[in-house]
Amino acid sequence: MAKSTSFMTALPLEVFRTVMDQIVTTIGVKEGARLRIVCKLFKEVIPLSMITVHAFANHPPFFFFNPSENHYIIEYIVHHILTEGKSRKNFAARLFQVLEAISPNLKPEDEEFKIRLRALVLGLARAYRLGLVRELLSENGNAVQYLKEDTFKTDCLRTAALLGLPEKFTEIAAAYTEPGGEELDIHSYPHAGLFLCPSLEYAAQGGHFDLVCKILDGLENEGLLPIESH
């Protein structure tokens, strides 16, 4: 491991970054996080690779319409959620409540609220597929499994990670390291509320470098990123 690592770190930086991007693409963000403690250069480059991989990843299940159609469907979903508000106990109401909880100073008519709602819908579309998100807004009852009260805090944290809200960074990072924290087990993907993956994934998807580093620093400080010896 030491020899191969020395060889890699001797590569030109741009070549090394390309290699690391491919490694994180292959093994995924949750395993890529463990490589960050190999050496100082890995520590600097791994968060960038996480963000790059999410920024340029191809999501075939999501892009089953052309981009303009995707745009109109997202706008339809956003309009639907804003129109219904919290009037019913459904998927739209849950999204509305999550945004209100993490953005208490914003009103639904505010443009920033709508921008955050669009970003949330897009993040969910990449997790569930856009068509399924649209179906969840219907009255057929399919969304009931996502509306448990005990996952509401997790929904809020992961939404804040996707949006990159600085005032929530400390709370998001703490959820990985505090006893009983929502994100403590980074090596499994238990279904929790609206989101299928931990906040680290959504922080990377949103391109929030500082938050990615804060989460990884917390995991490293608590010894939660062990490198297996062979």
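Read the figures in this text as sums done on the coordinates, not as results from a lab. If you're wondering where the values come from, they're calculated on a predicted model, not measured in any experiment. Heads up, the Cβs are rebuilt from the backbone with ideal geometry, glycines too, and the neighbour counts pull from every protein chain shown.
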Two-site FRET efficiency, L11 against D217, from Cβ-Cβ distance with R₀ of 22 Å, rounded to 0.05: 0.30
Proximal lysines relative to K168, as straight alpha-carbon distance under 28 Å, when same-chain residues fewer than 8 apart are discounted: K30, K40, K43, K86, K89, K107, K114, K148, K153, K214
Distance between modelled label sites at T18 and L225, nm, 7 Å Cα→Cβ extension: 2.5 nm
